[in-house]
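I have placed the structure first, in the form of structure tokens, so that the comments after it can refer back to it.
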Amino acid sequence: MIEPRFAVIGIGNVLAGDDALGPTVVRIFEAQWAVPGDVAVIDAGTPGLDLTAYIAGLRGVVLVDAIRSRGSPGELRVLDGEALGSAPPAVSLSPHQPGIPEAMLHARLLGSAPALRLVGAVVQRLETGVGLTEEVRAAVPSLVRRVVDELRGLGVEVRQRVPATEPDLWWERDPGGGRPRATPPPSPAPRPRRCSPPPAPGTR
């Protein structure tokens with residue numbers, strides 16, 4: 001088994017609207033692009049400080065995450081790991097940023113911090129609910145391509161899969177029929193539960 005030297009890591013909560021951006025991008029990337037055996041492609045969920053275990057000892061990491069900052073929803077952002085590992089900024093850029101700089105700091109203390117790039121897009125909705133907003137979903141192909149470019153910048157050979165496979169976006173499937181869920185409109189209210197219709201009169 002080849003020991004990983006590089007990693008593409010998506011972080012985010014797939015049940016919190018646009019926070020699913022990271023997992024969505026890495027799963028689509030894995031379905032469309034083939035990487036060498038020393039590159040790990042990981043949907044890490046919301047690891048917090050456990051992110052250190054994913055990145056320590058690697059040569060390079062491309063981290064994909066939702067970005068919370070000023071700008072239009074879907075606008076791409078690329079941040080360098082050195083900046084993320086410095087003093088915390090006045091405004092949090094990522095919903096998971098408290099874990100990212102601390103993970104980089106811990107990796108440095110271990111003497112095994114990788115070259116890290118954070119790739120993401122400005123998000124619109126981080127409330128409970130399944131599905132990316134339209135503007136953020138439209139940014140996904142560009143983010144996938146940016147991941148490819150970042151890996152090539154690290155000297156990694158990336159090849160397009162022909163044909164591409166189907167990405168496993170399991171959280172977007174309708175549990176009843178396997179069809180993709182519709183993206184809900186932005187709303188402060190929680191998504192309503194699916195309910196069975198009331199029984200017809202006289203059938204009880």
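The values are calculated or read from the model by the stated rules, or taken from the named source; none is laboratory data. Please read these numbers as outputs of a predicted model, since none were measured by experiment. Here the Cβ is made from the backbone with ideal geometry for all residues, glycine too, and neighbour counts use every protein chain on show.
Okay, here's what the table says:
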{"quantity": "Any hit, region 141-153, residues being in contact with a strand residue (DSSP E or B) (Cβ under 9 Å, 6 or more places away or on another chain) and more than 18 Å from residue 60 (Cβ to Cβ)", "calculated": "yes"}
{"quantity": "Some residue of region 80-100 being modelled with pLDDT under 95, under 22 Å from residue 144 (Cα atoms), assigned to a strand (DSSP E or B) and touching a Leu at 6+ places or on another chain (Cβ under 7 Å)", "calculated": "no"}
{"quantity": "Qualifying residue in region 149-168 (condition: modelled with pLDDT of 95 or more, out of contact with any Asp or Glu (no Cβ under 9 Å at 6 or more places or on another chain), of a type in the set (D, E, K, R) and surrounded by 16 or more Cβ atoms within 10 Å (Cβ to Cβ))", "calculated": "yes"}
{"quantity": "Count of residues meeting criterion [assigned to a helix (DSSP H, G or I), buried (at least 23 other Cβ atoms within 10 Å of the Cβ) and at pLDDT below 95] in region 105-144", "calculated": "1"}
{"quantity": "Check on residue 76, modelled with pLDDT of 85 or more and either surrounded by fewer than 20 Cβ atoms within 10 Å (Cβ to Cβ) or touching a strand residue (DSSP E or B) at 6+ places or on another chain (Cβ under 8 Å) (or both)", "calculated": "yes"}
